[in-house]
Amino acid sequence: MRLNKKIKYIVFAFLCMIVSPLMIFADCDYQRQAELSRLASNVQLSYLYNDKDFTIFMTNLTDDLYVVDDYGRTYYGAGEKTFHYYSGTVNFNIYSNDANCRGEMLLTKTITLPTLNIYASREECQRYPNFEYCQKWGNFTFDDDQFDTALNNYEQKLNKKIQEKASTKKDFLQIIVEELHKNIFMFIFIGFVLLIYIIYCLLKKRRR
């Protein structure tokens, strides 16, 4: 008889454990979930680079929500939040902080930060800012030897273009000089005729 009573108590306690969560979340209905999801979607993320890392700004967070990032840091409360990261993609999981729906995952917002090119500050990049591996942003996976080899090839191509441009200019001037030399007598004759014509016009003007 006592055994049956113990079994009844155990069954009753088990039922209470099952029913209690249902009673706690009874008010977390679809309408409230939709409202919380709308609030979560209004959370905005932006960033600003400040010469050493990125400052991320989070706005529109309300007291009904809280946010957990990839590093396990949690952010509560209304108002703008600011925090610092270096680069890469960071996920922000937004959860319900409502008393009846606390801890329910609503959505994830992701922000991707550009990677600062570690080679951009080198002296070579000050001389050749247009070199592709000297751009400020970029995750270039090569070592110093590969960088030096690529830069050497870039310098050679650049010098070749400069020489070709100078050669073209020199060739153009040389062509003019050669044409003048070949037709020197013709140009002298034309110049002589023009001189006589100018003198004639001046004398005619004086007589008038």
> When the residues of region 75-109 are filtered to those that are out of contact with any helix residue (DSSP H, G or I) (no Cβ under 7 Å at 6 or more places or on another chain) and of a type in the set (V, I, T), which remaining residue is least open to solvent (accessible area, probe 1.4 Å)?
Replying inline: V90
>> Please count how many residues of region 28-42 are in contact (Cβ under 8 Å) with a residue 12 or more places away in the chain and assigned to a loop (DSSP other than H, G, I, E, B).
In response: 2
>> Among the residues that make up region 158-166, is at least one of them farther than 26 Å from T112 by Cβ and surrounded by 11 or more Cβ atoms within 10 Å (Cβ to Cβ)?
In response: yes
> Does any residue of region 133-153 turn out to be part of a helix (DSSP H, G or I), aliphatic (A, V, I, L, M) and in contact (Cβ under 8 Å) with a residue 24 or more places away in the chain?
Replying inline: yes
> Counting just the residues of region 61-74 that are farther than 24 Å from C28 by Cα and charged (D, E, K, R), which one comes out least open to solvent (accessible area, probe 1.4 Å)?
Replying inline: D69
>> Among the residues that make up region 123-144, is at least one of them open to solvent by less than 80 Å² (accessible area, probe 1.4 Å), small (G, A, S) and in contact with a strand residue (DSSP E or B) (Cβ under 8 Å, 6 or more places away or on another chain)?
In response: no
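With respect to S46, determine if the residue is among the small types (G, A, S) and outside any loop (DSSP other than H, G, I, E, B).
Yes; evaluated as a whole, the condition is true for this residue.
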> modelled with pLDDT of 85 or more, within 30 Å of Y85 (Cβ to Cβ) and out of contact with any Phe, Trp or Tyr (no Cβ under 9 Å at 6 or more places or on another chain): does that describe E132?
Replying inline: no
>> Can you find, within region 95-116, the residue that is modelled with the highest pLDDT among those that are assigned to a loop (DSSP other than H, G, I, E, B) and more than 25 Å from Q33 (Cβ to Cβ)?
In response: P114
> Is there any pair linking a residue in region 54-77 that is without any contact (Cβ under 8 Å) to a residue 24 or more places away in the chain to one that is part of a strand (DSSP E or B) and among the small types (G, A, S), with Cβ under 8 Å and at least six apart or on different chains, and which?
Replying inline: T59/S46
>> Against the condition within 18 Å of the chain's Cα centre (by Cα), loosely packed, with under 13 Cβ neighbours inside 10 Å and of a type in the set (K, R), how does K52 come out, does it pass?
In response: yes
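The values are calculated or read from the model by the stated rules, or taken from the named source; none is laboratory data. Please read all numbers here as calculations on a predicted model, not as lab measurements. Every residue, glycine among them, receives a Cβ derived from its backbone with ideal geometry; neighbour counts consider all protein chains shown. To get the accessible areas, we keep the full protein, side chains included, count just its heavy atoms, and leave off ligands, DNA and RNA. Shrake-Rupley method; radii C 1.70, N 1.55, O 1.52, S 1.80 Å.
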